[in-house]
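The structure under discussion appears below in the form of structure tokens.
The values are calculated or read from the model by the stated rules, or taken from the named source; none is laboratory data. Please read all numbers here as calculations on a predicted model, not as lab measurements. So basically every Cβ, Gly included, is an ideal-geometry build from the backbone, and we count neighbours across all protein chains shown. Heads up: the accessible areas ignore ligands, DNA and RNA and are worked out on the full protein's heavy atoms, side chains in. Shrake-Rupley method; radii C 1.70, N 1.55, O 1.52, S 1.80 Å.
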Amino acid sequence: QVQLVESGGGLVQPGGSLRLSCAASGSISSIDNMGWYRQAPGKLRELVAGITSGGSTNYADSVKGRFTISRDNAKNTVYLQMNSLKAGDTAVYYCNAHVVTRGGNVFISWGQGTQVTVSS
């Protein structure tokens, strides 16, 4: 009853930029925390950036100063602006949301993942 769909991934050159979007749909009453995670082959999934319902943000040390997370509550959408991309940013990126449905149920929802590849 809740679906998260990412878009915006792809191939980019080192130093380039990408903007990821993740839109939540379904029987949604409210969304608390939202975030972006990434997972590279052979590595654990890690939190890249998070944002609260009030707009407070936090970032992994490896992306501070380069990535910016934001949200549009009217659209139930979270964004990740990625600048100065490096080869080490190559991973599958997943969006995450703590969703309360109109029926009062609480879900930790995940998107399907979108590939980001940084290569020359």
All but one of (1) more than 12 Å from the chain's Cα centre (by Cα); (2) among the basic types (K, R); (3) open to solvent by 50 Å² or more (accessible area, probe 1.4 Å) hold for R19; state the number of the condition that does not hold. (1)
Tell me, please, whether a residue that is under 19 Å from C22 (Cβ atoms), assigned to a strand (DSSP E or B) and over 12 Å from the mean Cα position of the chain (by Cα) can be found in the stretch 75-90. no
In the stretch 106-120, what residues are of a type in the set (S, T, N, Q), closer than 22 Å to I51 by Cβ and not in a strand (DSSP E or B)? Q112
Residue in the stretch 64-83 that is surrounded by the fewest Cβ atoms within 10 Å (Cβ to Cβ), counting only those that are among the small types (G, A, S) and modelled with pLDDT of 95 or more: G65
With respect to K86, determine if the residue is under 14 Å from P14 (Cα atoms), of a type outside the set (S, T, Y) and either open to solvent by 50 Å² or more (accessible area, probe 1.4 Å) or modelled with pLDDT under 95 (or both). yes
Which listed residue, of V118, V92, V100, V106, is touching a helix residue (DSSP H, G or I) at 6+ places or on another chain (Cβ under 9 Å) and either within 19 Å of V5 (Cβ to Cβ) or among the β-branched types (V, I, T) (or both): V118
With the requirement that a residue be assigned to a loop (DSSP other than H, G, I, E, B) and in contact (Cβ under 8 Å) with a residue 60 or more places away in the chain, what does the stretch 1-59 give you? Q1, G8, G9, Q13, P14, G15, G16, S17, S27
